[in-house]
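Since the structure comes first, as structure tokens, the remarks are kept for the end.
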Amino acid sequence: MNFFDKMQELTGVCLNEVQQKAVRYAKGPLLLLASPGSGKTTTLNMKIGYLLLVKKVPAHKILAITFSKASAVDMAARFDQFFSTIIKDRVHFSTIHSIAFQIVREYFSMHHQNFEIIEGNSNGHFDKKTILRNIFIQNRNTIPSEDEMEELFSYSSFVKNKMVPDEELVQKKIMMPGLVEMYKQYEAYKVQNPELVLLDFDDMLTYAYKALNEDESIRNKYQQRFEYILTDESQDNSVIQHEIIYLLAAPQFNICVVADDDQSIFKWRGADVRKLLNFKKIYPNAKTVTMAQNYRSTPEIVDTANEFIKRNRNRYPKKMFTENASGESIEIHNVKRYDLQLNYVVDELQKADNPCEVAILYRNNNSAILFVNKLFEEGIPFYMKDVELKFFHHWIVEDILNIMRLSYNDSRVDILEKVYTKINAYIKKNQMVQLQNHVNKESVFDRLQTIIHAPYQEQVLKRVKQTIRKLQMQEPYEAIQTIRQDLGYDKSLQNAAEHLRMNEENLFDILNTLEQISKELPTLESFAYRLKDIEQLMRTSKKYKGQDVITLSTLHSAKGLEYDRVYMIDLIEGIIPNNEDIKEYEIGNIEEMEEATRLFYVGMTRARHHLELLTYNVRNGAHVKESRFVQNVRKIIAPEENWDLMEKKKTTQPKYRPILENAITDESELDLGIQVAHHLYGVGRITSLAADSIEIEFESVGMKKFMLGFCLNHGYLKKV
């Protein structure tokens, strides 16, 4: 009996021909491209079993690397489920950070040097957050907000994972002021004591790479230790993680990299899809096997998702397919207002027979806040895979609550101290210092008038005092409107965004979310309690894991999961794709848009039987546009409905002919004109592509000018 028959008899697992081919390939580098729902985890475990039972590779010579600790535990459990009765030796299932830590510990020991981990559960004298916070205060003379701390953390991690050289650490206008300098100070601080080097999690990767790259004895030891290396979810690996794995696998390169370039969605964490796309350049003798059969979803979902991902140019060509029975068509709902989207989905949830098989997916964590508020009102329990609570402690939320608190007791100098620059009262810092020296139970605004003696400012203070005091008599929604308009909070927010180089749209989204929550609440007190209720519900939602409740998840966190019914919400321009994706795309940089496309694709392929895409026309009183991704799906699932519109456009759009003989012959830009033309066609910007002419449509004037100018100037198009 061969291995596969034996496995089917023992485990019930029946691999298809492509999966068997991947399992049998055991010499040299293998790139296993695994489409969604193609059984990659099962195939990977069977491959490990094959190495152990057929190729007689000792268990301790096999290293299986996963993206997260949870994935490592899950894969080990799956392996035990299959092989615990016939294989007693344990294979090493590890995260990249875990193996890096082993290498770093040995490296420092050999060099007789001490180190301390300053991140995670460290109980030492040093802590990464405290160090960065102190550096920020020293540079900016103010306490950092959570947003600023997050940017410091993210930048530090990105630089290490992307392996950005020191000479490329350039302070850009879009970055927080002084970010690069603070990062350099942080790096210098960690190595200032030669007897004790401080390491965060990203440093473990940096030092592991350094050890393997520079220390021959350590490199030889680890290369000889592992005869075969398998990596799962490799599209999520950062640049430095790919480099570490390369060094571990050398020189024999018995490595199996399991990945899907179409699901690479962590560029902001240092992942680079080009590492997969250039796999055969990195590993010249590599073989590629594509597992394209989807066992998860209906043909309606699989075929549409397969066609949708063709928007992207930088990918391996593959055709995902399924032999599952036909099911429902993908549904697209475009409602008039954002709140109607909430109402519709909640109505659907209340009719669900198996809530645990329902998922609500969204791009931004802020989308979850209003959804949880609605679920709270309806008494619907839920589970959140990754809970993000920073919204409730954001300085904008604190500002609004503090101004409301001031309306109940305007003698509170400590509260005024936190918001005096944001209420259009023209209060200066030295005036606040004087006020703090004369604390009593009088109104802070009355006391300021005795300090100032300036007629104009006295009138302003009287107005601000009256405006703030009347807040307590207003309903929360009206009160927030008063704070924004009469106290000038919107203007202060715009100034903060400009001076601190923050994303203005994100700041106002927080403010608008507060407004939505406040609607129909009777008092300021009930508004404050509602925020606490929502935070507590989200904080405790983990207790519902594995129970019969719906799941709320970001698109990023949903990768690897699957549900019978999936609702993708907030599918509008500015969210997915977001404004940064769109801006980059319009100047010719397609990387961000392609990652947003992959993220949308990940969301679609989470659904087994029922997929709904939700969009709307009005949000926070302003008109918004349906996501171009939704429009693309519309054209895929119902192309005949667009024929009349396309015919109309053909009569009004100018025609351009591709000039194929002018294609650049330099190898790096070979046939660039043809690529541009085909890419425009693939993303729906060209309505038809033929040998003699192409017809182009553009949603953006900027995109039209850029692409037409580029193609015409380089001789790739000719107006006819």
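The values are calculated or read from the model by the stated rules, or taken from the named source; none is laboratory data. All of these numbers come straight from a predicted model, not from anything done at the bench. Every residue, glycine among them, receives a Cβ derived from its backbone with ideal geometry; neighbour counts consider all protein chains shown. Side chains included, ligands, DNA and RNA excluded: accessible areas come from the protein's heavy atoms. Shrake-Rupley method; radii C 1.70, N 1.55, O 1.52, S 1.80 Å.
In the set (1) closer than 30 Å to residue 317 by Cα; (2) out of contact with any Lys or Arg (no Cβ under 8 Å at 6 or more places or on another chain), residue 30 fails one condition alone, (2).
Which of the following residues is of a type in the set (A, V, I, L, M, F, W, C), out of contact with any Lys or Arg (no Cβ under 9 Å at 6 or more places or on another chain) and not in a helix (DSSP H, G or I): 170, 197, 159? The conditions single out 170.
Criterion first (free of Cβ contacts under 8 Å to residues at least 40 places away in the same chain, basic (Lys, Arg) and more than 26 Å from residue 27 (Cα to Cα)) does residue 105 satisfy it?
Numbers: free of Cβ contacts under 8 Å to residues at least 40 places away in the same chain: yes; basic (Lys, Arg): yes; more than 26 Å from residue 27 (Cα to Cα): yes.
When the stated conditions are applied, residue 105 passes them.
Of the set (1) polar (S, T, N, Q); (2) at pLDDT below 90; (3) open to solvent by less than 60 Å² (accessible area, probe 1.4 Å); (4) outside any helix (DSSP H, G or I), all apply to residue 38 but (2). Whenever a residue of the stretch 188-204 is of a type in the set (Val, Ile, Thr), its partners that are in a helix (DSSP H, G or I), lying with C-beta atoms within less than 9 angstrom and at least six residues away or across chains, give the pairs 197/108; 197/190; 197/203; 197/207. Counting just the residues of the stretch 286-303 that are out of contact with any Gly (no Cβ under 9 Å at 6 or more places or on another chain) and open to solvent by 10 Å² or more (accessible area, probe 1.4 Å), which one comes out farthest from residue 18 (Cα to Cα)? Ranking the qualifying residues of the stretch 286-303, first place goes to 303.
Selection of the stretch 460-490 for residues being open to solvent by less than 50 Å² (accessible area, probe 1.4 Å) and more than 23 Å from residue 523 (Cβ to Cβ) yields 460, 461, 488, 490. One residue stands out among those in the stretch 263-285 that are open to solvent by less than 60 Å² (accessible area, probe 1.4 Å) and part of a helix (DSSP H, G or I): the one that is nearest to residue 253 (Cα to Cα), which is 282. In the stretch 242-257, is there at least one residue being buried (at least 20 other Cβ atoms within 10 Å of the Cβ) and under 21 Å from the mean Cα position of the chain (by Cα)? Yes: one or more hits.
Kindly evaluate residue 77 against the criterion of being open to solvent by 20 Å² or more (accessible area, probe 1.4 Å), hydrophobic (A, V, I, L, M, F, W, C) and either at pLDDT below 95 or not in a helix (DSSP H, G or I) (or both).
On the way: open to solvent by 20 Å² or more (accessible area, probe 1.4 Å): yes; hydrophobic (A, V, I, L, M, F, W, C): yes; either at pLDDT below 95 or not in a helix (DSSP H, G or I) (or both): yes.
It is true that residue 77 is open to solvent by 20 Å² or more (accessible area, probe 1.4 Å), hydrophobic (A, V, I, L, M, F, W, C) and either at pLDDT below 95 or not in a helix (DSSP H, G or I) (or both).
Cβ separations smaller than 8 Å between residues 6+ apart or across chains give the following pairs from the stretch 620-641 residues that are in contact (Cβ under 8 Å) with a residue 12 or more places away in the chain to residues that are surrounded by fewer than 13 Cβ atoms within 10 Å (Cβ to Cβ) and part of a helix (DSSP H, G or I): 634/641. Here is the figure for the stretch 431-459: residues that are in a helix (DSSP H, G or I) and open to solvent by less than 90 Å² (accessible area, probe 1.4 Å) total 16. For the stretch 401-430, the set of residues classified as open to solvent by 10 Å² or more (accessible area, probe 1.4 Å) and hydroxyl-bearing (Ser, Thr, Tyr) consists of 408, 411, 420, 421, 426, listed by residue number.
So, residue 537, is that one assigned to a loop (DSSP other than H, G, I, E, B), at pLDDT 90 or above and in contact with a helix residue (DSSP H, G or I) (Cβ under 7 Å, 6 or more places away or on another chain) or not? Full working, then the answer.
Working: assigned to a loop (DSSP other than H, G, I, E, B): no; at pLDDT 90 or above: yes; in contact with a helix residue (DSSP H, G or I) (Cβ under 7 Å, 6 or more places away or on another chain): yes.
Here the answer is no, as residue 537 does not meet what is asked.
Of all residues in the stretch 353-380, those satisfying the criterion of being surrounded by fewer than 16 Cβ atoms within 10 Å (Cβ to Cβ) and more than 17 Å from residue 514 (Cβ to Cβ) are 353, 354, 378, 379. For residue 83, the conditions (1) more than 25 Å from residue 558 (Cβ to Cβ); (2) open to solvent by 10 Å² or more (accessible area, probe 1.4 Å) are fulfilled apart from (2).
Within the bounds of the stretch 143-150, is there any residue that is of a type in the set (A, V, I, L, M) and open to solvent by 40 Å² or more (accessible area, probe 1.4 Å)?
Yes, there is a match, as at least one residue in the stretch 143-150 is of a type in the set (A, V, I, L, M) and open to solvent by 40 Å² or more (accessible area, probe 1.4 Å).
Selection of the stretch 311-329 for residues being closer than 20 Å to residue 635 by Cβ, open to solvent by less than 90 Å² (accessible area, probe 1.4 Å) and of a type in the set (D, E, K, R) yields 311, 315, 328.
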